[in-house]
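Peer 1: If you scroll down you'll find the structure; I have some questions about it.
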Amino acid sequence: MSLQPKKTSVAAGVPVWQRQPETASGGFALAGYALLAAATVAAGTPVAFDEATRTATVLKTAKLAANATNVATTYNVEKGHHFKVGDNFGAVIGGKAYPITAIDTSNANYDVFTVGTTLGVALVAGDALFQSSATGASAAALMVTPNGLVYEGITVEENAPLSAVIRGTVYERRIPAIPSAVKSGIPNIIFSKSF
């Protein structure tokens, strides 16, 4: 009896890497702790991988689709995020983070996150929101600390294999939103502003 590995990948679309990047050795099993089954994890998504356990956990992020004031309790975000009602989200490390109380997906161009308490900071379209591990007035912290980016898009399923890029140049405008705290934590990845 032989092992037959199964790999499910997603149509590539536009390239996100400028040239062949360096990946962490071997594949990692996606820990789909709170991702929707059959959802797509796009290439360039921030991921925390563990070489000892061979698992990888995605950091949920969302890109603002419209400006939000410092008293807003609704936030328009681009489609393609992995957030769900109950997830804590924030915009600034050490700032406010609160759970999403509703997600309105009825608009074809964006989703609307509703929170009970404002994040308390003015934001502009294109800013990155992130899943927070805590909730409170000064509790915003990354749910996981990414140490790479997903190499190629995959479909979420139990133990879906993925490769994590640890060194390379990525077209930032073609990938999911990346908070500045994540960028500084993966210094060997260059975020190109080119299209």
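The values are calculated or read from the model by the stated rules, or taken from the named source; none is laboratory data. Only a predicted model underlies this, so the values are computations on that prediction, with no experimental measurement involved. All Cβ positions, even for glycine, are placed from backbone atoms using ideal geometry, and neighbour counts span all protein chains on display. The protein model used for the area step is the full one, side chains on, heavy atoms only, and it has no ligands, DNA or RNA in it. Shrake-Rupley method; radii C 1.70, N 1.55, O 1.52, S 1.80 Å.
Peer 1: Here's a check for you: in segment 34-62, which residue that is open to solvent by 50 Å² or more (accessible area, probe 1.4 Å) and not small (Gly, Ala, Ser) is nearest to residue 181 (Cα to Cα)?
Peer 2: Among those that are open to solvent by 50 Å² or more (accessible area, probe 1.4 Å) and not small (Gly, Ala, Ser), it is 50.
Peer 1: Still on this structure, please answer the following. Output the qualifying pairs, or none if there are none: Cβ atoms under 7 angstrom, residues six or more apart or on different chains, first residue in segment 15-28 and closer than 12 Å to residue 148 by Cα and without any contact (Cβ under 8 Å) to a residue 40 or more places away in the chain, second residue surrounded by 18 or more Cβ atoms within 10 Å (Cβ to Cβ) and of a type in the set (Ser, Thr, Tyr).
Peer 2: none
Peer 1: Going residue by residue through segment 137-146, is there one that turns out to be assigned to a strand (DSSP E or B) and either open to solvent by less than 10 Å² (accessible area, probe 1.4 Å) or not aliphatic (A, V, I, L, M) (or both)?
Peer 2: Checked segment 137-146: no residue is assigned to a strand (DSSP E or B) and either open to solvent by less than 10 Å² (accessible area, probe 1.4 Å) or not aliphatic (A, V, I, L, M) (or both).
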